[in-house]
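A.B. asks: Take this structure first; my questions come after.
The values are calculated or read from the model by the stated rules, or taken from the named source; none is laboratory data. Bear in mind that the values here come from a model prediction, so they are computed numbers and not experimental data. Cβ sites come from the backbone with ideal geometry, for glycine too, and all protein chains shown count toward neighbours. Quick note on the areas: whole protein, heavy atoms, side chains included, nothing else; ligands and nucleic acids left out. Shrake-Rupley method; radii C 1.70, N 1.55, O 1.52, S 1.80 Å.
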Amino acid sequence: MYDLHGWGAVYSGVMTDCNEAIRPVHDRKPVLLHPDEYDRWLHGSFDEALSFQLRCFPDDLIEMTRTGEYWDKRKGRVGNGVAGLSDEKHRRW
């Protein structure tokens, strides 16, 4: 995050094609990193960062679970029923 011309904290998200674990609910997903890749993401070259977008994150490290809430872009989190990522799998890597 950085301050862009006084706008306050700014960040960027990078999307990539989905893997088979995500495909049932969406055709793309955020780029996910393994802990040993953080330094290369933060301090590597542009080409190194781009390489994360071009690779497929392992299916077996993602678990989809249905939650009681869904996300509405206009209202934020509301109601019930969309798939989410399991925190238990996230802690494994």
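A.B. asks: Can you compute the FRET efficiency between Ser45 and Arg66 using 1/(1 + (r/R0)^6), with r the Cβ-Cβ distance and R0 = 30 Å? Round to the nearest 0.05.
C.D. replies: 0.15
A.B. asks: Continuing with the same structure: Can you give the accessible area of Arg28, probe radius 1.4 Å, in Å² rounded to 10?
C.D. replies: 120 Å²
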